[in-house]
Structure formats: structure tokens, C-alpha cells
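I have placed the structure first, in the form of C-alpha cells, so that the comments after it can refer back to it.
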Number of protein chains: 2
Amino acid sequence: MTLAKIAESAGVSVATVSKVINGRPDVAQQTRDKVLDLMRQYNYGGYRDDLRAYPTVELFFGFERLSIYHTEIIQSVVDAGAREGIAVVVGRRGDHDPAADPAAWARGLAAAGRRAVIAVTANTLSSPIRAALDRVRMPLVLLDPESLPDNSIVSVGATNFSGGHAAAAYLLSLGHRRIAYLGGTEHAGSNQARLHGFRSAMEAAGARVPTELVCHAGTFHAAEGIEHGGRLLALSPPPTAVFASSDELAAGVIEAARRRGLRVPEDLSVVGFDDTPLAQVTSPPLTTIHGPVREMGAVALRTALQLAADEKIDSHHVELATQLVVRESTRPPRD
Amino acid sequence: MTLAKIAESAGVSVATVSKVINGRPDVAQQTRDKVLDLMRQYNYGGYRDDLRAYPTVELFFGFERLSIYHTEIIQSVVDAGAREGIAVVVGRRGDHDPAADPAAWARGLAAAGRRAVIAVTANTLSSPIRAALDRVRMPLVLLDPESLPDNSIVSVGATNFSGGHAAAAYLLSLGHRRIAYLGGTEHAGSNQARLHGFRSAMEAAGARVPTELVCHAGTFHAAEGIEHGGRLLALSPPPTAVFASSDELAAGVIEAARRRGLRVPEDLSVVGFDDTPLAQVTSPPLTTIHGPVREMGAVALRTALQLAADEKIDSHHVELATQLVVRESTRPPRD
DNA sequence: CTGAAAGCGCTTACAG
DNA sequence: CTGAAAGCGCTTACAG
């Protein structure tokens, strides 16, 4: 199968087909669609034989450093890929940064035969990057986006509101009333959902949420958990419980307590979020909100493949269930 | 870089270079060698073949579950790959288990265009698997093998003996004498090296290592650290310090101490191994032996590519330096 | 065993 | 937005 044959079938010139393959912008959408359809039909193009037979998906991380949480994601997508016979290539911000040259990045992925991109980023990908992927018709699925993307973006997330609600409801059921919320990024959609879930449970129980008990660390890392956790514990009276919006932040709060000579859970209850492996390894083991990472990976991969096959998907955004996991970092308050 | 340039450098025609690339028989061995040399020198892959143009390496994990430590490995190999333009495919024991059908697995990798396999496993890969890789001429590099592989296997590891020595020497310098060793897998080469490094420092200082202070958890996970750590702390007199051979085991020892009402580092010093992100997230942050994960990933990838290019490698096994990192889980013993 | 020459598949600068 | 034409990189049948 050659360019010339596709060009003939499509009734266009070889030059035009070449442009479509290379993702050049100067081709009418209608022409582009017709050519891509024929390429797919003839098994050609970004879908050359070799690449077709050994399909790959790009799992892209928009972070400088991968965290503990990302291990779980990699594992879940790799496992889901294994079931479908799709190899998972891990990409990361770095030497071949999509931000530096979105078009080159997208063309590279298309040429290398990636079926789709699954992206894990703090924000949604920038619109030049999304446009570049669009131009080479590379489907994109956001996995656990921190911000709620608009309708034009397909994404898979977790039920953050319910998670926040469950954490607060559990602490309330233990008898806590003075409960602090320690968030990561204030304006992220996921943070807002968790915070409002928290508030909603507190309000339903008639418990106040004074402003000094709501704070944001700006990141989800332990170092900031220590810092902001310390600040919360310095309040008078201090909270009897802290709900942190990641396991790492929660681990930081445990360390902040230790530095002040407080014991968890005797003097302070702590609840995390995500249920990464870290939660089983802190001392004491963390009560936390289990995030559906494995399920998210599987759904993201399936959705990505559906998009790649031009199948209809049910919804541009789905949220999978979170669940409270009680371990040993929580206990009724003293007295 | 084009065929024409290589042809010019080699003083032959473009046609001849083309034949060499395509493995045609009608080229003199001398001419062939000269051309191949130049191709390597100029990093020319031949882009007729899609798989050649978008090279991949398989990063294979022989574990049921990926641990925190493995995130670091993935990150280091992906980064090293990005620098060389090599995509890293993550593979794992699971649906397409190499153990189930080594030949099919190896052929699949070869067909999919993998340049080499970098394997992270508890033991060296089984000999049927190694034989199968050999048969398709797929180079194999073991990354941080727990057992010392024989000469026929290429591997990159860490200086475990020095690491064990440094941990013991540091605890001794703080004044500890009754120091326990908590290993992972007893008969693994890495464990033996760490244990003997530990012993060597103890002996040099004239400190005894009674048999009850040396124990093996069988795994490197926190759960077993809690269990065996608890046993060590139940001795009378208990040790004043524990050197655990992974950060997770060390985290388990911290938890075992908490359960007995002991504080780290006031009542017990704990040293870990690896310096995974976990070490900065425990409470208190762990004093540990930094493992050269980033460097190992880079060296493993470079070595794998050298093997793939039929280049000579310096040594079938190299060990990269470990280093003591002092945080807050260690302190002189009481009195 | 080697290379000149024809030719294939693809890309691109440019005219319309 | 499209395509004719020039041209690039590579392969191959064939003459020597």
C-alpha cells in the first residue's frame, strides 16, 4: 500500500495525503477525514504494519518528579494494557517536552504509532498541546485531572465530593467536632470537590468550620504537610482531627504532630486521601479515602482505545467510587 | 545523517551502504565492517524500518506488585531513555508472563522491535527465559539484582557491602553497641553483602553481633518489618538500634516501636536502605543508605544499548556507590 | 564484489 | 486549500 494508491482512492493528490500523514495544518477537515478513513481501511499510515501489530499507548506524566501515587497509576494502566495486548510507553516532561514544541511532540507520537495518549497532569494540558494532538487525530484521555476539564476533553476521575464527605462523616461519628481540612492546590477542581464534601458533612452534623481550620499547602507533598500541619496544630485550641487531601500530606501532619510531642491517634486523628501504598507504611497506618486507581487506569485505557477506534463513548467524564478505609490513625477525641 | 554521507566517509557508493543496511550478502566483509562502524559512529539507524526509527526498550518487572522503590527505577530509565530518544515500555509479570512461554515472550519482544530488555527481578531470570532471549538475540541487563548473577549475565547494582558497613559504622559512632540487623531475603546476594558489610564494621569496632540480633523478614515490605521488628524489640535487653535493609522494613520497625510505646529516635534508632521517597515521609524521616537508582537506570540503559549495538562493554557487572543520608530516625542511645 | 543509473515512495516550496 | 513539479533518500537490476 502506497501513498499513491490512497491518493487515487481518495481522489486527491499524493501531496495532500502526505500532508495529512504528517499532520500539517493546511488540509481541509473534510479532505483530512476522507484520507484518514482510507488509511485506516488500508492499514496504512501512522498505522503502518509494524506499528499496527504492536500497538502502544503513551502514558504521559506532566510532572517533574513521579510520586508514590504515580506508581499505582503506571501499574494499573500497564496491567489493563497487558489484558488488551497494548504496550504502555511511559513519557514524562523532560528532554522531549511537549510544551516546547507541541506539533513535533504530537507528530512524533503519531509516527511512532501510539494509538492514544493518557495524560496525568496537575492541570489539563495546554490548549496548543491539545490542538496539536487533535491535528494528528491522537485521542487524549486525562486520568484523574486535578481540574475539572471542559466538555471537549475526555477524562476519568474519582468521586472527590463523596470522598470528602465520607472522611468528615467518619471523624464526626467518632465524636470529633474541631476538624481541620488540609488541601493541596486551592483552586483545583478536585480540591474544591473534596472541601465541599467535607463542608457538607460538617454542616449536616451542625458542626462549624471556622476559617482558620481550612488551609491549603499548595502541593500534595509531605514537606508542605509538615509545615502547614504544624501551623494547624499551633492553633488554640488545636483541632482534634485533620483531614488531609493526600496520603503524603497526611504523613506530613503525622510528622508535625511528632515534632510537637503529640501522638497519633491518641492526641490527634489524621485521615488521608488516595490510599497509596504509603498509607500502609506510615506509623500508625493511615485511615484514608481509597482512590479507585486500578479502576481508573483500566477505564482510561478502554476509553482511549474506544476513541482511537472512533467508537462512541458514554460520557466525556466519568468518576469512579472512592471508599473510606479505616486503619489506625483515627480514634475518638480525648474526653 | 544520510546514506550518501556515510557512503562518502566510507569511500564507497550509496548502493553499497544500502546493501549493508539491508543485510544483503554481496558485500565484502571488510567493506561491511567499515560501513557498520561509520553507521554506529554517526548513530545512523536506517529509517526505512519504522521500528528502527522509534526504538523501544522493555523495562520488565518480575514482581506481582510494583513497590515505591520501582517508581524511582521507572523514572530513572525513562529519563535516560528520553536523553537517547528511546521509548521505555513497562512490562510486568501478569497476563503475558514470560515464565508461561519464554519463547513466545521473547519472540514478541523481538517482533515489536525492542532493542533490549532491562529486568528488575527478585532472582535472576530463569534460564529458559534467558535462553529464549538469547535465541532472538535480545540483550538483557539486570538492574539491581538481589542475587549476584554469574558471568554470563550483564547487571548493574549498588555497593551493598559498603552500604551495610556505612550504616553500622554510623550507628557505632553514635555510641550504639547493641545493634540489630533486619534483612529481607536471607540468601540473596545483596542481603549477604549488606549483612557482611554490617558485620565487618561491627567487628572492626570490637562490637559483638549475637545471633538473636540478626533476623530476616523474607520480604522487603513494611508488614514483615512490623512483625520481625516487634520480635527484635521483645528481646531483653532489646537492641538500641535496628539497621533494616529496606526503607519499607525500616518503616515497619518504626511502627513496631510505636505499638510497644517506644519513640524513634528517643528510645530506638532506625536506619533504612535505598532512600526511596518513603524515607522522607516517615515520621520521623529516615536515616538511610542512599541507593544510586538514577545512576543505575542510566547505566543500565546505556549498557543495554551498547549490547544491542554489539559494542564491547567494560564489565559484566558494575556496582555504583551508595551513601549514608542522615535524617531524624537516629540518635545516640540513652545513657 | 562494486557502483552508475533508473526508479520508487515520499516531502516540500510554490503557484494558483 | 490543492496539486504539479522538483527533489531527496533509498533500493535494485544489471553491467563490469
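The values are calculated or read from the model by the stated rules, or taken from the named source; none is laboratory data. What you see is a predicted model; the values in this text were computed from it and never measured. Every residue, glycine as well, gets a Cβ built from its backbone with ideal geometry; the counts of neighbours run over all protein chains shown.
Is there a residue in the range B:100-112 that is crowded, with 21+ Cβ neighbours inside 10 Å, over 19 Å from the mean Cα position of the chain (by Cα) and of a type in the set (Lys, Arg)? No, every residue in the range B:100-112 fails to be crowded, with 21+ Cβ neighbours inside 10 Å, over 19 Å from the mean Cα position of the chain (by Cα) and of a type in the set (Lys, Arg). When B:Val264 is tested against the conditions (1) closer than 13 Å to B:Thr330 by Cβ; (2) more than 10 Å from chain A (Cβ to nearest Cβ), the lone failure is (2). The listed residues are A:Val20, A:Val27, and the only one of them that is of a type in the set (A, V, I, L, M) and modelled with pLDDT under 80 turns out to be A:Val20. Here B:Thr322, B:Thr282 are screened, and the one residue that is out of contact with any strand residue (DSSP E or B) (no Cβ under 7 Å at 6 or more places or on another chain), crowded, with 19+ Cβ neighbours inside 10 Å and in contact (Cβ under 8 Å) with a residue 24 or more places away in the chain is B:Thr282.
If you go through the range B:1-42 and keep only what is surrounded by fewer than 16 Cβ atoms within 10 Å (Cβ to Cβ), of a type in the set (S, T, N, Q), away from DNA strand C (no atom under 12 Å from the Cβ) and part of a helix (DSSP H, G or I), you end up with just B:Gln41. Taking the range A:240-252 as the range and being in contact with a helix residue (DSSP H, G or I) (Cβ under 6 Å, 6 or more places away or on another chain) and either at the interface with chain B (Cβ under 9 Å from one of its Cβ atoms) or more than 14 Å from B:Thr282 (Cα to Cα) (or both) as the test, the residues that pass are A:Ala241, A:Val242, A:Phe243, A:Ala244, A:Ser245, A:Asp247, A:Glu248, A:Ala251, A:Gly252. Only helices (runs of 4 or more DSSP H) whose full extent lies in the range B:59-161 are considered here, and the ones with at least 2 residues that are within 12 Å of chain A (Cβ to nearest Cβ) and at pLDDT 90 or above are B:68-84. For the range B:183-207, a tally of residues being of a type in the set (Lys, Arg) and surrounded by fewer than 19 Cβ atoms within 10 Å (Cβ to Cβ) returns 1.
Only residues that are touching a residue at least 24 places away in the same chain (Cβ under 8 Å) and either near DNA strand D (Cβ under 7 Å from one of its atoms) or out of contact with any helix residue (DSSP H, G or I) (no Cβ under 8 Å at 6 or more places or on another chain) (or both) were counted across the range A:14-31, and they come to 1.
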